[in-house]
1. Name the one entry in LEU321, LEU282 that is surrounded by 19 or more Cβ atoms within 10 Å (Cβ to Cβ) and within 19 Å of VAL231 (Cα to Cα).
2. Being β-branched (Val, Ile, Thr), within 29 Å of GLN337 (Cα to Cα) and surrounded by fewer than 15 Cβ atoms within 10 Å (Cβ to Cβ) narrows it down to one of VAL118, VAL126, VAL78, so name that one.
3. The conditions are (1) under 23 Å from ASP243 (Cα atoms); (2) surrounded by 15 or more Cβ atoms within 10 Å (Cβ to Cβ); (3) in contact with a helix residue (DSSP H, G or I) (Cβ under 7 Å, 6 or more places away or on another chain), and LEU201 fails exactly one of them. Which is it?
4. Do we have ARG142 as touching a residue at least 24 places away in the same chain (Cβ under 8 Å) and assigned to a helix (DSSP H, G or I) here?
5. Going through the stretch 218-230 one residue at a time, which ones are buried (at least 17 other Cβ atoms within 10 Å of the Cβ) and of a type in the set (A, V, I, L, M)?
6. Would you mind telling me which numbered condition in (1) surrounded by 14 or more Cβ atoms within 10 Å (Cβ to Cβ); (2) without any contact (Cβ under 8 Å) to a residue 60 or more places away in the chain; (3) hydrophobic (A, V, I, L, M, F, W, C) ALA104 fails?
7. Could you pull out every one of the helices (runs of 4 or more DSSP H) wholly within the stretch 224-324 that has 3 or more residues that are without any contact (Cβ under 8 Å) to a residue 60 or more places away in the chain and farther than 30 Å from ASN208 by Cβ?
Amino acid sequence: MITIGIDPHKSSLTAVALDHTGHQLGARRFPLNAGTLRALLGWAVGWPQRQIAVEGAHGLGRGIAQQLTATGEHVLDVPATLAARVRLLTTGGGRKADTHDAHAVAQVAQHQQQRLRVVVAEDQTVILRLLSERRDDLTAERTRLLNRLHQLLRELIPGGADLHLTADKAAALLRGVRPATATDACRRDLARDLLADLRRLDRRLADNETQLRDALAATRSGLPEIHGLSVITAAKILGLVGDVTRFPSSGHFASYSGTAPLDASSGQRVRHRLNTGGNRQLNATLHTIAVCQARDPGPGRIYYLRKLAENKTPNEARRALKRRLANVIYRQLLQDQRRSASPAA
């Protein structure tokens, strides 16, 4: 089996082919353009028994990895951290060159093949991730705009505006403003411009929620049935997790989400500490769900109160609930995966 390692860049990629003993059979650099895929496959045609490893197949190497997968190639995703470790050990001092990088990627694929993710065609979860990221951008822009509008209204109106400001509330306040100076007139005009921008962002956020709702319905996921998960929250989880089968167990999923405490035991002392690693976006989403479940009647609140009765602090009880929620979400995602894979689906 020949292994081809690919080190992708923005404008080019470098490929190195290794045989089963690790001997380099060839290396070539390809510029990224419309003919890259054809040129790469033409170079590799001499090795029909091959597998291809791409560094960062879900990042910078996403484009070429997806194109190769679409042609039926067996493509592996090699994390950049693993390739960097191999390069450090094999080239002495970690000297960096594109051929060294591609060589290290191929070596990782040869020795860690069973632990690497196989690249699959992008599905509905990628659409959800893209729409969720777009919503995060729109929300951040709306928050920045509201802060600026609050500042202008505070300078125009004694006492300023309500913290929960909306476009309609801002419009009503601006209608009552009577500028006494040219400076205040400028402030009012700027506030009107910001108000128009606010209405535009509100419309885009509403459109984005509709798109998320349609994309989530296409997955037929049961996540929205869990208390505390809105359409937006469920869509974010599906977009962040992707293929849930890449996690062998609920413990691996909890570690990925940063909800599994880290063992910090020493000698006879057994203790755990807070996990500040993992996917922090997913962790923040689980925190939001835990807050909702701890507040509202239901199994989540019963579990939260039981932890409080065990002399846990509110933060510790909420973290325990997050860990339990990670298990619930993992099981639901597995159930969704099995249902979509069944012939009846």
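The values are calculated or read from the model by the stated rules, or taken from the named source; none is laboratory data. From a predicted model like this one, the values you see are computed outputs, not experimental measurements. Cβ atoms come from the backbone with ideal geometry, glycine included; neighbour counts cover every protein chain shown.
1. On the way: LEU321 fails: within 19 Å of VAL231 (Cα to Cα).
Selected residue: LEU282, the only one of LEU321, LEU282 that is surrounded by 19 or more Cβ atoms within 10 Å (Cβ to Cβ) and within 19 Å of VAL231 (Cα to Cα).
2. Details: VAL126 fails: surrounded by fewer than 15 Cβ atoms within 10 Å (Cβ to Cβ); VAL78 fails: surrounded by fewer than 15 Cβ atoms within 10 Å (Cβ to Cβ).
That would be VAL118, the only listed residue that is β-branched (Val, Ile, Thr), within 29 Å of GLN337 (Cα to Cα) and surrounded by fewer than 15 Cβ atoms within 10 Å (Cβ to Cβ).
3. (1)
4. Working: touching a residue at least 24 places away in the same chain (Cβ under 8 Å): yes; assigned to a helix (DSSP H, G or I): yes.
Yes: the conditions hold for ARG142.
5. The answer is LEU223, ILE226, LEU229.
6. Tallying (1) surrounded by 14 or more Cβ atoms within 10 Å (Cβ to Cβ); (2) without any contact (Cβ under 8 Å) to a residue 60 or more places away in the chain; (3) hydrophobic (A, V, I, L, M, F, W, C), ALA104 fails exactly one: (2).
7. Working: elements: 231-241, 250-257, 280-295, 299-309.
Per the criteria, 250-257, 299-309.
Let's see how each residue does on (1) within 30 Å of ALA167 (Cα to Cα); (2) in the same structural domain as LEU333 (by TED's automatic domain parsing); (3) out of contact with any Leu (no Cβ under 9 Å at 6 or more places or on another chain):
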site: LEU229; (1), (2), (3): yes, yes, no
site: PRO248; (1), (2), (3): no, yes, yes
site: GLY258; (1), (2), (3): no, yes, no
site: ALA309; (1), (2), (3): no, yes, yes
